Amino acid sequence: MFTRLVDDNATAASAEICCLNDVNDLLERDERGTVQPTDTSMHSPITGQMALSASSTPLIQNFLDAVRDRKIDRSQVFLAQLGQQAVKDAALVPWHRYFEGILANERDHDLAAAERIFLELLDETASVELELQGRLCLALAVTYRRQNRLEECVAICQRSLPIYTALDDVVGEAKALKQIVIAYVTGFDQAIFGVDVLPAAVELCQRALALLSAAPATNEIQWLKGTLWNEIGALHRVRQEWELAVEAYQHYRDIHLASGYRFGAGLAEGNLGEIYLKQGEHSWAAARDSFTIALESAREFSDRGHELEALANLAYLEQQQGCFEDAMERYRQAIALIGTLRAGVSSETARTGFFATVTETFANAVLTAQAASQVDLAFAWCEQARARSFLDLLASGTDDIYRLAADTLSTSQVQTALATTNVLLAYFTTGLRETVETRGRKRYDRHRFPPAKTLLFAVTGKSIEVFDIDLSPNDVLP
């Protein structure tokens, strides 16, 4: 999965998992390893509305800085203090609520709660100043995109553009354009959008960079330019222009390193690693180095979503290299993270897409265990994946069921439950393409997409065997 983009997996629409780098678009602030002085003004004279009190402005900025630097405990303290001030100053009430939505996204990974908060505030435009309306639109766009609701992401970004124009806020406008680009490229990967969005995405990147060219070269502007280069890299990637993609991602990384954006540089390394992997065995050492840096960065900044991505990438690379023991250990760690990232999306469509990466992780884990002749482990992972899918189907919009852990019997428990004359047969398919490739798109490699296989497990009270029955699940589709 390319950072800021969804997994190019045709099985389902997939969305990236809780990308904490998006906090900078949510807050319209840059992300850094250290706090830097920033403009604390919360009011634009263009809005014609009352400015926030001097005592409240530093508190709001303190909250923004704390969330930006992933200091969630501190941000909660500032939020509580802001809530106390909001009792006396009604102008602070929507800001306090907005920040609750930010924490729902970044602390709780509860996209549904964040979405409700942002929508409620946008419905109260009479009491919400124009600057906050722009921020809310962008926060909602990121929340939609994380759930893979791409058309809604584009629509809310387009709604924000006149607001940013009225505010003469080129940074906000450029960020909104960037979110549209991400949605377009993501949607193209999944055949949601056609090839016509690619030139449109290029034009939007150029438009955003042009807006920023006349702006002061602040840390925030440099960060935003870097992320735009990330999207340019993604556009080269979907065209299989690997060398150009590497150049763009290196540009993205170098801008962030020069400005001290360690987290952004880590994300760039993850993207570079995926391109190196696609270039073949001669680049696999470089891929490992990049994936390792990405993993260290994700852990440093407590980003579980990108930690899962980095683990899955390293496991997949080791799987391709035949280092099955190392790969299985990475998959164990990745699967352990999955349970902590499930809750918090707000629709069945979003849920289907949001966890396509999870589907691939389980599929590749099962295939790795099979290749390593670890049949017990392959069966256990197979049943864990099946249990999760079953619960998701039962949920049908019911959060209580959706949030249940996918606990399963161990292989030995299954064998103990079988009568001596019984045989349990269970099949497991991988590489199923549910989305037909259309819209005149040429085929390109899908990152981490498993091969099309059907495995048949035969379990008795004393033994377990697995057979590759040489049947592609795509050949039996209606």
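Summary of computed values
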read-out	value
Any chance ALA217 is part of a loop (DSSP other than H, G, I, E, B), more than 18 Å from the chain's Cα centre (by Cα) and not β-branched (Val, Ile, Thr)	yes
Within the range 168-182, considering residues that are hydrophobic (A, V, I, L, M, F, W, C) and touching an Asp or Glu at 6+ places or on another chain (Cβ under 8 Å), the one surrounded by the fewest Cβ atoms within 10 Å (Cβ to Cβ)	VAL171
Qualifying positions in the range 247-266 - assigned to a helix (DSSP H, G or I) and either buried (at least 21 other Cβ atoms within 10 Å of the Cβ) or not assigned by TED's automatic domain parsing to the domain that holds PHE188 (or both)	ALA248, TYR249, TYR252, ARG253, ILE255, HIS256, SER259, PHE263, GLY264, ALA265, GLY266
Where a residue in the range 259-275 is polar (S, T, N, Q) and its partner, wherever it lies, is surrounded by fewer than 24 Cβ atoms within 10 Å (Cβ to Cβ), with Cβ under 7 Å and at least six apart	SER259/ASN219; SER259/GLN222; SER259/TRP223
Boolean, HIS96 is of a type outside the set (Asp, Glu) and at positive phi	no
Hey, GLN85 of a type in the set (S, T, N, Q) and surrounded by fewer than 17 Cβ atoms within 10 Å (Cβ to Cβ) or not	no
Every residue from the range 80-91 that is out of contact with any Leu (no Cβ under 7 Å at 6 or more places or on another chain) and either within 15 Å of LEU103 (Cα to Cα) or not assigned by TED's automatic domain parsing to the domain that holds PHE63 (or both)	ALA80, GLY83
Pairs, first touching a residue at least 24 places away in the same chain (Cβ under 8 Å) and farther than 21 Å from ASP65 by Cβ in the range 199-220, second assigned to a helix (DSSP H, G or I) and aromatic (Phe, Trp, Tyr), C-beta under 6 Å, six or more apart	ALA201/TYR184
Yes/no for ASP108 being surrounded by fewer than 18 Cβ atoms within 10 Å (Cβ to Cβ) and closer than 20 Å to ARG68 by Cα	yes
Residue that is surrounded by the most Cβ atoms within 10 Å (Cβ to Cβ), among those in the range 120-167 that are polar (S, T, N, Q) and at pLDDT below 90	ASN148
Index of the failed condition, ARG304 passing every other in (1) among the charged types (D, E, K, R); (2) touching a helix residue (DSSP H, G or I) at 6+ places or on another chain (Cβ under 7 Å); (3) under 26 Å from THR218 (Cα atoms)	(3)
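Conditions (1) of a type outside the set (Phe, Trp, Tyr); (2) modelled with pLDDT under 90; (3) in the same structural domain as GLN374 (by TED's automatic domain parsing), marked per residue:
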position	(1), (2), (3)
ALA419	yes, no, no
ASN422	yes, no, no
PHE428	no, no, no
LYS442	yes, yes, no
ASP445	yes, yes, no
PHE449	no, yes, no
LEU455	yes, no, no
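This table checks each residue for (1) closer than 25 Å to TYR184 by Cβ; (2) aromatic (Phe, Trp, Tyr).
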| residue | (1), (2) |
| --- | --- |
| HIS236 | yes, no |
| ARG239 | yes, no |
| TRP242 | yes, yes |
| TYR252 | yes, yes |
| GLU269 | yes, no |
| LEU272 | yes, no |
| ALA294 | yes, no |
| ALA298 | no, no |
| GLN319 | no, no |
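The values are calculated or read from the model by the stated rules, or taken from the named source; none is laboratory data. The structure presented is a predicted model; accordingly, all values stated were derived computationally and were not measured. Heads up, the Cβs are rebuilt from the backbone with ideal geometry, glycines too, and the neighbour counts pull from every protein chain shown.
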